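All remarks here apply to the structure that follows.
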Amino acid sequence: MAKSEVAVHSRKVASDIQERIKRLIIDGRLPSGAPLPTEAELMELLGVSRNSVREALKALQAMGIVEIRHGFGTYVGAMSMAPMIEGLTFRTVAGHYRGEDSLLQLLELREALETGLLTRLVGRVPDADLATLDALVERMAAEAERGPVRAETDRAFHAALYRGLDNQLLSEVLEAFWDAFHRVRTDLVDGTPDPQVTCEQHREILAAVRSGDTLRAEAAIRDHFGNIRTRLRSAARPTPD
């Protein structure tokens, strides 16, 4: 068998073992933190070598599906969006340094998601979440008086805004896009947004959602993202060394 064929076969075997371990988690309805069979048990159960089991577990750990606790065993992982965030961040940075509009593309993805979701919330945000949003806007106003609005406050606003959708997976995806975008923007774009503008735009988004006016809400969120887009476009692309 040629080297290339051996490599392809090895990848298929590794992928098969990973899928079988994932199936164990699914069929066993195991929650995050639940212990998995030991390496020896997995070897016997799957009929593969110790090295194959270890390689499969390492790959699954990189995806957040399992957690290897050295000296204690292997457990079902938190299955977080961390690998997705890392992938988005790296792809955006790499694209930026190739002269692509990768940061703008990531922004447009966020905008498409948030604009579409916001129309479902107009006039329907629970009172408790409205109170949280009011407090966050006031925090933004206080921060704007002293300097830039903190990224943590901005993030908390967007998280609270969509909390009423009661969709945990959706919330995690939105958080992943937000986190990737802000991590990359901080590294690649000089300067900070006008804090007063940031505060007023979030205040308008909240007022529009509270008012029940869908068109006003759409205009508010698009104005917010439009302002970010303008600042990104004004940032110079890197020049080749």
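At a glance:
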| item | result |
| --- | --- |
| In order through the range 63-76: 3J(HN,Hα) via Karplus (6.51 cos²θ - 1.76 cosθ + 1.60), integer Hz, x for Gly, Pro | 8, x, 7, 10, 10, 9, 10, 4, x, 10, x, 10, 10, 5 |
| Point-charge dipole on Cβ atoms (K/R +1, D/E -1) for the range 102-236, about Cα centre, debye to 20 | 220 |
| By accessible area with a 1.4 Å probe, ligands and nucleic acids excluded, highest first: order of E145, E200 | E145, E200 |
| Other-chain or far-sequence residues with amide H under 5 Å of V66's (modelled H) | Q61, G77 |
| The chain, dipole about Cα centre (Lys/Arg Cβ +1, Asp/Glu Cβ -1), debye to the nearest 20 | 620 |
| Accessible surface ranking that places the most exposed of I17, I65 first, with a 1.4 angstrom probe | I65, I17 |
| Calculated FRET value between A62 and T186, using beta carbons and R₀ = 25 Å, to 0.05 | 0.50 |
| Listed residues A180, T198, A208: farthest to the positive end of the dipole of the range 177-229 (Cβ charges) | A208 |
| Full-stretch length increase - D127, V173 - with 0.36 nm per residue and alpha-carbon distance subtracted | 14.1 nm |
| Potential lengthening between E145 and T230 on full extension [0.36 nm per residue; Cα-Cα distance subtracted] | 28.3 nm |
| Contour minus Cα-Cα distance for A78 and E218 (0.36 nm per residue) | 46.9 nm |
| Nearest 10 degrees, 0 to 90: helix 195-211 Cα axis against the chain principal axis | 90 |
| Unit Cα scatterers, Debye sum, the chain: log10 I(q)/I(0) for q = 0.15 Å⁻¹ | -1.03 |
| Per-residue HN-Hα couplings for the range 52-62 [Karplus 6.51, -1.76, 1.60; θ = phi - 60°; Hz; x = Gly/Pro] | 5, 5, 5, 5, 5, 5, 4, 5, 5, 5, 4 |
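The values are calculated or read from the model by the stated rules, or taken from the named source; none is laboratory data. For clarity, every value in this text was computed on a predicted model and none was experimentally measured. For neighbour counting, all protein chains shown are included, and Cβ atoms are generated from backbone atoms with ideal geometry for every residue, glycine included. Accessible surface is based on the protein model in full, side chains and every heavy atom, while ligands, DNA and RNA are left aside. Shrake-Rupley method; radii C 1.70, N 1.55, O 1.52, S 1.80 Å.
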